[in-house]
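Here's the structure, in structure tokens; my notes come after.
What follows draws every value from the coordinates through simple rules; no lab data is involved. The shown structure was predicted, so the numbers you read here are calculated from the model rather than taken from an experiment. As a convention, Cβ positions derive from the backbone with ideal geometry for all residues, glycine included, and neighbour counts pool all protein chains shown.
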Amino acid sequence: MDVLTAMKNRTSFRSFLDEPVPVDMIKNILEDASRAPSALNMQPWEINVVLGSERKRLSKKLLKAFKERGITCGPGAARPLPETFMLRARKCAEDMTPLINSMGQDFKKYVNEGSLGFYGAPCVIFVFLDESFPCERMVDVGSFLGFVVLAAFARGLGSCPIGLVTSYADEIRDFLNISDSKKLAISIAIGKPDLSKSINNFKTIRAPLSETVRWVD
Ligand SMILES: Cc1cc2nc3c(=O)[nH]c(=O)nc-3n(C[C@H](O)[C@H](O)[C@H](O)COP(=O)(O)O)c2cc1C
């Protein structure tokens, strides 16, 4: 698959088959993603891959923490966001809701508990950033994330970035035995999507360039 086809057709999947993904395939995706650009080629991302029964054990711990603390998916902003962005988020949720309801599920429950269960994916990639880096180096992590999701798609797998885990970073560091000095940036669920589930037909829209780009000529 060429890169433009992958960019046009990739979507986030939110239901995975309970089937292992060959470790070599994950290794290939990580090798592909390691080609992502980063400032001074520092490659500041630090990766942990959690597979199979360990992934399930971690999800149990996260769902317990969710029941206790109840932090849900959201923009994670310290201050109210400009309305343009909130409208886009609302539209995404509105468009997703009927597909989730058609599976007999409640939207909030499906997305929050689903995220911490990695939507059943057999593999999760956790990306950490050392706390000594300035917040600008999250750009490098984002570039790595973009490469992972495209490489997974091009290799016939589905993925979903899961940011909700950052609200449960203490539990994850504890599970992985990782120092507090490593900031959890993002996780990415990877697996074979369950194509019989209607949520996996969901394709988000994008704002037109006229809304997002200002030309200075
Ligand atoms: C940083 C980041 C965090 C995200 N966190 C979550 C999450 O916790 N749960 C979830 O279901 N999707 C999550 N997503 C997926 C987004 O909802 C999705 O990328 C967006 O709606 C666009 O849809 P698409 O990926 O299908 O193009 C996240 C995506 C990014 C980039």
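Tabulated data
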| quantity | calculated |
| --- | --- |
| The range 1-109: radius of gyration and largest Cα-Cα distance (Dmax), Å | 18.2, 49 |
| Isotropic mean projected area of the C-alpha convex hull, the range 60-111 (nm²) | 4.6 nm² |
| Sorted by Cβ neighbour density within 10 Å, fewest at the top, the residues V141, V213 | V213, V141 |
| Ascending count of other beta-carbon atoms within 10 Å, so fewest first, for M1, M96 | M1, M96 |
| Within a Gaussian network of the chain (alpha carbon springs, distance under 10 Å), most fluctuating of L51, L176, L157 | L176 |
| Gaussian network model of the chain, Cα within-10 Å springs - most flexible of A154, A39, A78 | A78 |
| Gaussian network model of the chain, Cα within-10 Å springs - most flexible of V49, V124, V139 | V139 |
| Descending semi-axes in Å of the range 1-51, equivalent ellipsoid built from Cα gyration tensor | 22, 18, 11 |
| Mean projected area (nm²) of the alpha-carbon convex hull when the range 175-214 is viewed from all directions | 6.4 nm² |
| Whole-Hz couplings from phi, Karplus 6.51/-1.76/1.60, listed for the range 201-217; x for Gly and Pro | 8, 6, 10, 6, 8, 10, 5, x, 4, 4, 8, 10, 10, 10, 8, 10, 10 |
| Along each principal axis, Cα extent of the chain, largest first, Å | 50, 49, 41 |
| For the range 136-217: span of alpha carbons on each principal axis (Å, largest first) | 49, 43, 23 |
| Paired Rg and Dmax values of the range 46-85, which use every Cα atom, in angstrom | 15.2, 42 |
